[in-house]
Amino acid sequence: MLKSEYLQHVYTQVVTRDPDQREFHQAVLEVLESLDLIVDQHPEYEKHGIIETFVEPERMISFRVPWVDDNGQVHVNRGYRIQFSSAIGPYKGGLRFHPTVNLSILKFLGFEQILKNSLTGLPMGGAKGGADFDPKGKSDAEVMRFCQSFMTELNRHIGQFVDVPAGDIGVGGREIGYMFGQYRRIRGSYDAGVLTGKGLSFGGSLVRTEATGYGLCYLTAEMLKAMKGESFDGKTVVISGSGNVAIFATEKAAQLGGKVVALSDSNGYIHDPNGVNLDVVKDIKLGRRGRIKEYVDAVPGSTYTEGFRGIWNVPCDVALPCATQNEIDEEIAKTIVKNGAIAVAEGANMPCRPEAIRVFQEAGLLFAPAKAANAGGVATSGLEMSQNSMRYAWPFEEVDRRLKDIMTTIFHNAYNASVECGVPGDLVVGANIAGFKKVADVMLAQGLI
Ligand SMILES: NC(=O)C1=CN([C@@H]2O[C@H](COP(=O)(O)OP(=O)(O)OC[C@H]3O[C@@H](n4cnc5c(N)ncnc54)[C@H](O)[C@@H]3O)[C@@H](O)[C@H]2O)C=CC1
Ligand SMILES: O=C(O)CCC(=O)C(=O)O
């Protein structure tokens, strides 16, 4: 129950309108609980209907995506783009191709994206999209035909000043390349800034591939230093997932002196007490698109266990969930605390359930929420857009330095906002308030609608 009647009314309306959208309710409630601490000092939010406007997407697009498999069989998937907010810039956010994709998941992701993008300090609104298509087990030609069909519809809704999609689960460099090619063919113009995460030879930015994982570690390192006088050096790290975010978080955590001992995929997890060999993981996941269990064939002394949640039984100092939403529940959180962790930072979007976050905070662990901790990906997408506008490409070190500065600033802005709200160190509240205030002020400045 929220203290503010106004916020409770907004939340009730959200639930009543779409009773089945549980992930969306969860994301909205977390933000409203933070706003509950400040809404009394801002009567203008209620007077101008800012919060009920903020929780309703500006536009939701849904379309069919027909495609033909290698045997000539026709399949029809459903595609979406949720254009949630364009208050501070063009809609911006990833595309997810996964069989679980539905409106609830995409609305929660699009909603979080507004606040995350605001935290980066760059002029980007919030969006998310995707399809209930499963790229797993499909040939390159099938993925290409799917991406072309998806873009045949999506192209009319996007553009460098309108909406700029990028990757997410199931959408990486290969898929962005196929979609960019189709956009260019249909539109007949080389609008490089229409997608981010592109190949380096057609407008992509150095560091975008690494950015979410690297940024997660930069923010975690700053949090460890500022709040505990600690660093990654000598720490044992467990990272769930083994996709884009997990792989490059592993790389950066190791560069900063940490030892990553476990990784997972949706089937199970590997444990390597000597520290995972990332070349082997990259070969399996990025080279062959294989399963994480293949790791044990290449690395003696490592083990594989079925069931992806079991990874959290492996003791660690720093936990970085980088797979998918709602992976860590209350019981798992208690195990992580019992095993002696000092910090948890979310690389995936909303990987921890609210009860789990409460367990971490009550036990005094440092906790960095996704909208701050994984903002490095979209921040670097913003830097890709800047380079596309300039028709220029910065060197790796330049983009990496800007990414590190952005992540450090996000940590301090969230921390300072938590202090101002009277809950010092609660980065959930800090990130929500710091992200929200900027968007709300712009909505007021630009007038309603
Ligand atoms: N790619 C990016 O730049 C960004 C991604 N994220 C988030 O990071 C998370 C991971 O995304 P990526 O690494 O890009 O995707 P990916 O497609 O490269 O990898 C996804 C990983 O999660 C695992 N996974 C998927 N569903 C799972 C399930 N139900 N149970 C256990 N594991 C599962 C997969 O096996 C794979 O290892 C997602 O929550 C995504 O929204 C957040 C910010 C930016
Ligand atoms: O780079 C982007 O635009 C999107 C990144 C993303 O999907 C996310 O931050 O969850």
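How big is the gap, in Å, between the Cα center of region 96-110 and the Cα center of region 284-310?
Cα centres, region 96-110 to region 284-310: 27 Å.
Is there a quick way to get the dipole size of region 309-390? I mean about its Cα centre, with the Cβ of Lys and Arg at +1 and of Asp and Glu at -1; what is the value in debye to the nearest 20?
Numbers: 6 positive and 9 negative charges, 8 e Å.
For this selection, approximately 40 debye.
Using only the C-alpha atoms of region 310-367, find the volume of their convex hull and express it per residue in Å³.
Values: hull volume 3.6 nm³, N = 58.
Output value, Cα hull per residue: 63 Å³.
Sorted from fewest to most neighbouring beta carbons within 10 Å, what does the list 67, 312 look like?
In increasing order of surrounding Cβ atoms, one gets 67, 312.
Classify the chain as rounded, prolate or oblate, taking a ≥ b ≥ c as the square roots of the eigenvalues of its Cα gyration tensor: rounded when a/c is under 1.5, otherwise prolate if a/b is larger than b/c and oblate if not.
The shape class here is rounded.
Excluding residue 64 itself, calculate the net charge of residues whose Cβ lies under 9 Å from the Cβ of residue 64, where each Lys or Arg counts +1 and each Asp or Glu counts -1.
Local net charge: 0.
How do 295, 183, 91 line up, fewest other C-beta atoms within 10 Å first?
Numbers: 295 25, 183 22, 91 29.
Ordered by Cβ neighbours within 10 Å, fewest first: 183, 295, 91.
Return the calculated 222 nm mean residue ellipticity for the chain, to the nearest 500 deg cm²/dmol, obtained by summing -39500 (n - 2.57) across DSSP H runs with n ≥ 4 and dividing by the residue count.
Values: 17 runs with 208 residues, N = 449.
Helices in the chain give a 222 nm mean residue ellipticity of -14500 deg cm²/dmol.
Assigning unit charges at the beta carbon (Lys, Arg +1; Asp, Glu -1) and nothing else, what dipole magnitude in debye, to the nearest 20, does the chain show about its Cα centre? Numbers along the way, then the final one.
Details: 46 positive and 53 negative charges, 226 e Å.
Magnitude of the dipole: close to 1080 debye.
Suppose the Debye formula is applied to equal point scatterers at every Cα of region 59-189; what is log10 I(q)/I(0) at q = 0.13, 0.19 Å⁻¹?
Those come out to -0.50, -1.03, one per q.
By the gyration tensor of its Cα atoms, with a ≥ b ≥ c the square roots of the eigenvalues, what is the shape of region 378-449: rounded for a/c under 1.5, prolate for a/b over b/c, or oblate?
It comes out oblate by the Cα gyration axes.
To one decimal place, what Kirkwood hydrodynamic radius in Å is obtained for region 131-281 from all pairs of distinct Cα atoms?
Values: mean 1/r = 0.0575 Å⁻¹.
It is 17.4 Å.
Put +1 on the Cβ of each Lys and Arg and -1 on the Cβ of each Asp and Glu in region 43-131; which of 68, 115, 130 then has its Cα farthest toward the positive end of the dipole?
My answer, from the dipole projection, is 68.
Work from the charge dipole of the chain (Cβ charges, +1 for Lys and Arg, -1 for Asp and Glu, about the Cα centre) and give the residue of 260, 201, 213 farthest towards its positive end.
Toward the positive end, the furthest listed residue is 201.
Got a sec? How would 25, 9 order by Cβ neighbour count within 10 Å, fewest to most?
Working: 25 18, 9 14.
By the 10 Å Cβ count, ascending: 9, 25.
Taking the dipole about the Cα centre of region 59-189, with the C-beta of Lys and Arg at +1 and of Asp and Glu at -1, give me whichever of 82, 148, 104 is farthest to the positive side.
82
Please give the net charge around residue 4, taking every other residue with its beta carbon less than 12 angstrom from that of residue 4, where Lys and Arg add +1 and Asp and Glu add -1. Each step should come with its number before you reach the end.
On the way: positive: 3; negative: 5, 33, 36, 40, 46.
Taking every other residue near residue 4 into account, the sum is -4.
Note the direction-averaged projected area, equal to a quarter of the hull surface, for the Cα convex hull of region 211-368, in nm².
Details: hull surface 31.9 nm².
Projected over every direction and averaged, the Cα hull of region 211-368 covers 8.0 nm².
If you place +1 on the Cβ of every Lys and Arg and -1 on the Cβ of every Asp and Glu, how big does the dipole about the Cα centre of region 211-368 come out, in debye to the nearest 20? Could you put the intermediate results ahead of the total?
On the way: 16 positive and 19 negative charges, 27 e Å.
That gives region 211-368 a dipole magnitude of about 140 debye.
Does region 290-386 come out rounded, prolate or oblate, given a ≥ b ≥ c as the square roots of the eigenvalues of its C-alpha gyration tensor, rounded meaning a/c under 1.5 and, failing that, prolate meaning a/b above b/c?
Numbers: a/c = 2.12, a/b = 1.10, b/c = 1.92.
Cα axes put region 290-386 in the oblate bin.
Any idea what the relative contact order of the chain is, in percent, if you count C-alpha pairs under 8 Å spaced at least 6 apart? Intermediate results must be reported in sequence, preceding the final value.
Numbers: 931 pairs, mean separation 66.0, N = 449.
Reported as a whole number, the value is 15 percent.
Return the whole-Å distance between the Cα centroid of region 25-67 and the Cα centroid of region 354-377.
About 21 Å separates the Cα centre of region 25-67 from the one of region 354-377.
Computed from the coordinates by the stated procedures, all read-outs in this text should not be read as laboratory data. If you're wondering where the values come from, they're calculated on a predicted model, not measured in any experiment. FYI the Cβ positions are ideal-geometry reconstructions off the backbone, even for glycines, and counts take in every protein chain you see.
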